[in-house]
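Read the figures in this text as sums done on the coordinates, not as results from a lab. All figures in this text were calculated on a predicted structure; none of them were measured in a lab. Neighbour counts are summed over all protein chains in view; Cβ atoms, including those assigned to glycine, are modelled from backbone coordinates with ideal geometry.
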């Protein structure tokens, strides 16, 4: 799919780089090198080199983009693990393959095309709406590329677009294929379904024998496995711990409350629309018409040539609208039409769409919360002092026990297993440090996510093991009974299906007295139904009308019976628009796939060579700059 990706990016980048064409094109006298260049190429594709500069910039951008998606900055090692380097290099190599093909065919664009695109691009237009040389220079400077590099990239990208346009020209999905897709997607079905629960089982679930319990225990070892567990000794100090020992003056609490008074005490608000009429009589007549149902508030606005944006006042307080209007609008919290009311711009009708009551939270209600917040804020300073003490002690060879004796750090232990998130294990930093530690190794002090500090020592590691049956007897019993109940529900569902089949024309509705039946209509292959397994949609389209089947899910069994099947109607009112949309989507996809195959074929034909030593050095440079 690298060629497809390149196709989408190149359209944007083409118009961007066109704006940065060479001096000879525009005559602005720009030149020089604005940033140091990373010499040598990382790959050669035919007669075209993939420059180290391009690779360095692109992988930086890719790492930045993926880091934003993950919410954390990726290291170069993580980027390589995720294959970002291969994705970037593949895209650049495909781009170079297109450029090489353009050279082979002699495809290029004229100077006027480059110049016109540069001058007309809004990205380099100033306040007057015309090309601005200063904006142009600033963007070129920040791009880290020279005019010569831009010019080459402009022409290369434009040439590639010409080739891609030629490859994808005339790609159309036959009408028969479009109709076939629509018939498949547009077919709708209706069905009845019912859940078979424990209450539908005849009698109670039989008590298990010892043999059955043992068989369940042996068959489900994962359910009774104690995961790998680390025995950890640690010292920690969190803002919450320190805050409990600190006193906060009443004056500071009051000051913080006053600072946030606007949050705790807000006036009542109304979301209001207003239509101003020319006279009181006209306003009364309009209100009467609305009350009688002869017109709506929207129709009144429309008759006066007013759009929603013209009449919307947003959320207003009593102070915003004046005493006379406030007396009317704030007399009730009910949405509706209010007025007419005389305003300083004439008689008006108001529509209140929503009401927000006034908020008044006294200091007494938030006093403890504010006091705790200030104490935690103060705790940060104390933790910083303690951290310095602990660093010196650990550097001097002190054990965690000695650190706890000589500082405010608190000593504790925990048996930490995978997936545990209670207590100190709620901190991701603690879990990561524990996993990275060797047994007996004294680790340095580290920060917790909330500003606290900790240090730990792994005292031992117990490998994962299946717990003895005697220790998990109740869990084995409960699991076996749940599994047995599940089996009985499926068996009962199959009995009902068989009864329907034997009854010659029977239906799931025959069991309406014992099952809760639900009807679903107009289901297509792209539908989703809450609380039902996703596979049910596929199963529904395998049935003939009147047929039924049992679907197993985590809750037990679901019986579905197909009640109707409606094929797509090409003559329906919306059919033409739907078919046109599908044809456009499928043609675009077909075109993208064709470009992807063509790009891959170009790369395969020229057999690119790679400078792995240069690539590795760039990765090292990225790692060095990050640190």
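Just the C-alpha atoms of region 268-357: what Rg/Rh do they give, with Rh taken as the Kirkwood radius?
Ratio of gyration radius to Kirkwood radius for region 268-357: 0.93.
Between residue 462 and residue 309, what's the calculated FRET efficiency when r is the beta-carbon distance and R0 is 56 Å? Round to 0.05.
Efficiency, from the Cβ-Cβ distance: 0.25.
Pull out the extension gain between residue 81 and residue 214, defined as 0.36 nm times the separation in residues minus the alpha carbon to alpha carbon distance; nm, one decimal.
43.5 nm
Taking the structure as given and computing mean projected area of the Cα convex hull in nm², which label from (1) 42.0; (2) 32.7; (3) 49.1 fits?
Evaluating mean projected area of the Cα convex hull in nm² on these atoms matches (3).
Given only helices, namely DSSP H runs of n ≥ 4 each adding -39500 (n - 2.57), what is the per-residue ellipticity at 222 nm of the chain, to the nearest 500 deg cm²/dmol?
Calculated at 222 nm, the ellipticity per residue is -16000 deg cm²/dmol.
For region 268-357, what does the relative contact order come out to in percent, with C-alpha contacts under 8 Å and a separation of six or more?
48
Just need the relative contact order of the chain here, percent rounded to a whole number, with Cα pairs under 8 Å and 6+ apart.
On the way: 850 pairs, mean separation 160.5, N = 627.
Taking the mean separation of contacting Cα pairs over the length of the chain, I get 26 percent.
Suppose R0 equals 60 Å; then what is the FRET efficiency for residue 65 and residue 280 from their Cβ-Cβ distance, rounded to the nearest 0.05? Don't jump to the answer; show the numbers that get you there.
Values: r = 61 Å, r/R0 = 1.02.
The computed FRET efficiency comes out at 0.45.
Between residue 271 and residue 623, what is the spin-label point distance in nm, taking each point 7 Å from the Cα along the Cα→C-beta axis?
It is 5.4 nm.
For a Förster distance of 60 Å, can you work out the FRET efficiency between the beta-carbons of residue 133 and residue 207, rounded to the nearest 0.05?
After rounding to 0.05, the efficiency reads 0.10.
Calculate the spin-label point distance for residue 547 paired with residue 177, positioning each point 7 Å from the Cα along the beta-carbon direction, and give it in nanometres.
3.0
At 7 Å along Cα-to-Cβ for each site, give me the label-to-label distance between residue 470 and residue 566 in nm.
Going from the residue 470 label point to the residue 566 one covers 6.6 nm.
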